[in-house]
Amino acid sequence: MVKTENDRQFAFLKPTAILIDGAFFLKRYRCCFDKNHSPDIVAKNMYTMCMKHVQNERLYRILYYDCLPLDIKMKNPINSKEIDFSKTQTAIFRQKFLKELKKLRKVAIRLGFVRHHGGWIITPKKTKELLSGKIKINDLSETDIIINAKQKGVDIKIGLDIASLAYKKLVDKIILISGDSDFVPAAKLARREGIDFVLDPMWQQINDALFEHIDGLNSTCKNPN
């Protein structure tokens with residue numbers, strides 16, 4: 001087969017990297033797709049969504065950032081019921097979803113960790129009702145409190161990878177699937193290095209500060225609105 005001039009030019013183009021904030025993606029997925037999808041369907045739809053970004057471009061890699069779920073046991077202080085967090089529906093789904101991602105071509109997983117700060121916290125909605133006097137402490141149910149735990153290491157990994165891709169000139173374009181304005185410094189750095197920086201917020205409204213420091217906005221999934 002004879003290569004055309006367009007084929008030769010395409011071969012010399014630097015590829016596009018796609019970076020996915022996992023927690024953000026899964027939260028928005030429930031709005032844009034079906035919240036009852038199985039892990040393999042979610043992985044397939046994520047991959048399809050990403051490939052729409054690079055229909056006429058070379059793909060460097062899809063980098064997915066997330067944390068393994070908690071694997072501790074604690075008693076709910078409302079009803080003293082012991083909960084094994086490694087066996088919750090959310091934890092089982094996450095484990096299976098990560099396994100499905102490992103099967104996909106050019107997908108790499110970057111894991112942070114979940115830090116448990118001890119104790120439980122009341123959900124924002126119920127906190128507001130408590131402070132306004134609409135309910136009392138004794139009115140709280142077991143679902144009105146959540147464990148005090150947060151993701152660690154995910155944002156810094158995304159920022160470092162953006163910087164590495166930019167400084168090493170490995171790609172021409174970075175597509176970030178997120179809606180977090182914390183990535184503004186990384187986006188600014190990439191643009192200063194000549195990288196085309198595109199944000200896919202999956203149709204979520206984004207902060208003006210983030211909008212100012214990107215080169216484009218493009219959501220490839222179905223608009224839930």
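Among the residues of region 102-132, those identified as among the basic types (Lys, Arg) and farther than 26 Å from Ala43 by Cα are Lys125, Lys126, Lys128.
Within region 205-225, can you find the residues that are at pLDDT below 95, polar (S, T, N, Q) and within 15 Å of the chain's Cα centre (by Cα)? Passing the criteria: none in range. Number of residues in region 169-197 that are surrounded by fewer than 19 Cβ atoms within 10 Å (Cβ to Cβ), under 17 Å from Tyr65 (Cβ atoms) and at pLDDT 95 or above: the value is 0.
Taking the options Met51, Met74, name whichever one is assigned to a strand (DSSP E or B) and either closer than 17 Å to Ile175 by Cβ or not aromatic (Phe, Trp, Tyr) (or both).
Met74
Report yes if Arg105 is among the charged types (D, E, K, R), assigned to a loop (DSSP other than H, G, I, E, B) and free of Cβ contacts under 8 Å to residues at least 40 places away in the same chain, otherwise no. It is true that Arg105 is among the charged types (D, E, K, R), assigned to a loop (DSSP other than H, G, I, E, B) and free of Cβ contacts under 8 Å to residues at least 40 places away in the same chain. Residue under question is Cys50, and the condition is that it be under 16 Å from the mean Cα position of the chain (by Cα) and surrounded by fewer than 21 Cβ atoms within 10 Å (Cβ to Cβ); does it hold? Taking the combined requirement at face value, the residue does not satisfy it.
If the condition is being modelled with pLDDT of 90 or more, surrounded by 17 or more Cβ atoms within 10 Å (Cβ to Cβ) and under 21 Å from Asp71 (Cβ atoms), then region 133-159 contributes Ile145, Val154.
The values are calculated or read from the model by the stated rules, or taken from the named source; none is laboratory data. This one's a predicted model, so the numbers in the text were calculated from it and none came from an experiment. All Cβ positions, even for glycine, are placed from backbone atoms using ideal geometry, and neighbour counts span all protein chains on display.
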